[in-house]
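Notes for the one structure printed next.
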Amino acid sequence: MSQFKYSVGPWNVHEGADAYGPATRKTIPFEEKIKRFKEIGFDAVQFHDDDAVPNMNELSESEIIEEAKKVKALLDKYDLKAEFVAPRLWMDQRTIDGGFTSNSEKDREFAMWRAYRSIDIANALGCDKIVLWLAREGTLCYESKSPVQATKRLIDAINKMLAYDENIKILIETKPNEPIDRSVCPTIGHAMATSAASIDPSRVGGLLESAHAILAGLDPASEIGFAMAMGKLWGVHLNDQNGMKFDQDKSFGVENLRQAFNQIKVLVENDYGKNGEYIGLDVKAMRTQKDEGSYKHLENSLKIAKMLEEKALRFDYDYQAKCVAERDYEALEMYVMELLMKG
Ligand code: 3MF
Ligand code: MG
C-alpha cells in the first residue's frame, strides 16, 4: 500500500503535437480521460481554469461557476477529487508579454480577472489550491522589463489573490525557462522568497516539478527538501528530463533513476502527503506512441514511483549511519546502487 495519493492533469494525455509537427494521436474526450485516470489508480485531477470551463472568457462570472459545478459532478461520479486549478495565462493574446508582469496595465487586469475566476472555479470544484505556473512571466528581450518591477508585480498579484479569498492557498510552480527565456521565479528558492514577501506567507508555497529543477541545473530531490524544510511543499510534479534542453516531461525515473529514488525517499522520510498533498505525475507520452498507448506513460510512471517507494522503505538506515560514521561514502553509494539494481 502506497502512503501517497496521486494526481494527473488532462494535459498529460495529449495528441503528440510539438513545435515542429502536428498531432499524431486522436483527441480523447474529457470524461473518458477522467474515467481512465480512476481505473489506472489516480485519486485526483489537476485543472487549468479552462479545462474545467472552456470558453470562460465569453462567460459571465456566475456562468463560470455554474459550468465548474458540472465538472464537480463529473468528478464525484468517478470518485475523484480536484487537486488544484491553475489560471492558464499563456495562451491568450492578452498574455503574450506575461500576465501579472506584463508591461501593459490592461493585460495585467485581464490576468487578475483570470486569477480570480480560477479561485471561483477551485471553490466550485471543492479544492483550495491555486497553482501558478508562470509560463510567460519573464523576458525574451532582457531590457524590456525591469526584474525589480516584475518581481514586485508578481508579489502584488499574489497578494490580491490572497485578499480575494481568505482560504485559498497559492502554489508557485517554478520553472527557469520555456516558453519564456528568463523567468521571474525560476527555482523553489525564489518561490519561498516570494512567499515570505507576500501578505500571508502561510498561504503561499511551492510546487516542484522534477524536469523544471533539472532545467535549472538543480537537483529535484534537493529542491523538494528545501521546500519541505520550510513546510511549504504543497505539490510535486514528478517526471524526468534528459539534461538541460527542451522540457521533455518524460515518464518518472526513466532517465535518472537514482535521482528519482532520492525524490521519493525525501518525500517518504518527511511524510509528504500528511496534510492531503498529492504526488502529481506531469508526464507526456512520446510523440511516436500510437493511440492505444495513450496512457502507458501514466501507468509506467505510477508503477515506477511505487517501486521506488518500496525501495525507499527498505533503505537500511543503520547501514547508512555506519557508513557515515566511517566516512565511507563509496560503500554507501554502492549500497544504494545495489538497492536499486537488485530485485
Ligand atoms: C509546464 C508545466 C505545466 C504545469 C501546469 C499546471 C502544462 O512545464 O509543467 O503543464 O504543470 O500548467 O501547473
Ligand atoms: Mg508541471
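The values are calculated or read from the model by the stated rules, or taken from the named source; none is laboratory data. This is a predicted model, so every value here is computed, not measured. Here the Cβ positions follow ideal geometry from the backbone for every residue, glycine too, while neighbour counts run over all protein chains shown. Each accessible area value is taken on the protein alone, full model and side chains, heavy atoms only, with ligands, DNA and RNA left out. Shrake-Rupley method; radii C 1.70, N 1.55, O 1.52, S 1.80 Å.
Could you give the length gained on full extension between residue 11 and residue 96, defined as 0.36 nm per residue of separation minus the Cα-Cα distance, in nm? Provide the component values of the computation, followed by the final result.
Numbers: separation 85, 0.36 × 85 = 30.60 nm, distance 2.08 nm.
Contour length minus Cα-Cα distance gives 28.5 nm.
Placing R0 at 30 angstrom, the Cβ-Cβ distance between residue 333 and residue 269 gives a FRET efficiency of 0.95 after rounding to 0.05.
Per residue, what volume in Å³ does the Cα convex hull of segment 36-90 take up?
Details: hull volume 4.5 nm³, N = 55.
Taking only Cα atoms, segment 36-90 has a hull volume of 82 Å³ per residue.
Remark: the chain is approximated by an ellipsoid whose semi-axes, taken from the C-alpha gyration tensor as √(5λ), come to 32, 24, 20 Å, largest first. Calculation over all alpha carbon pairs of segment 1-121 in 10 angstrom steps from 0 returns a P(r) of 12, 36, 34, 16, 2, 0 percent.
Using a 1.4 Å probe over the heavy atoms of the protein chains, calculate the carbon and sulfur portion of the accessible area of the chain as a whole percent. Before the final figure, lay out the partial values.
Working: 8300 of 15910 Å².
Answer for the chain: carbon and sulfur cover 52 percent of the accessible area.
Look at the alpha carbon pairs under 8 Å that are at least 6 residues apart: their mean separation over the length of the chain gives a relative contact order of 15 percent.
Between 87, 176, 54, the residue with the greatest mean-square fluctuation in the GNM of the chain (Cα pairs under 10 Å linked by springs) is 54. Averaged per residue, the chain has 46 square angstrom of accessible surface, using a 1.4 angstrom probe with ligands and nucleic acids left out. Residue separation of residue 23 and residue 76 scaled by 0.36 nm, minus their Cα-Cα distance, works out to 16.0 nm of gained length.
Would you mind telling me the antiparallel percentage of the DSSP bridges in the chain, rounded to 5? Please report the intermediate quantities before stating the final value.
Details: 4 of 30 bridges.
If I count the DSSP bridges inside the chain, around 15 percent turn out antiparallel.
Considering segment 196-343, its Cα convex hull presents a mean projected area of 11.1 nm². Based on DSSP H segments of at least four residues, each scored -39500 (n - 2.57), the chain has a per-residue ellipticity at 222 nm of -13500 deg cm²/dmol.
Take each complete run of DSSP H in the chain, measure how far its Cα atoms stretch along the helix's own axis, and keep only those covering 24 Å or more with mean Kyte-Doolittle hydropathy at least 0.0; list them. Numbers along the way, then the final one.
Working: long enough: 61-77 (25 Å, -0.56); 105-125 (30 Å, -0.63); 147-164 (26 Å, 0.09); 296-314 (27 Å, -0.68).
Long hydrophobic helices here: 147-164.
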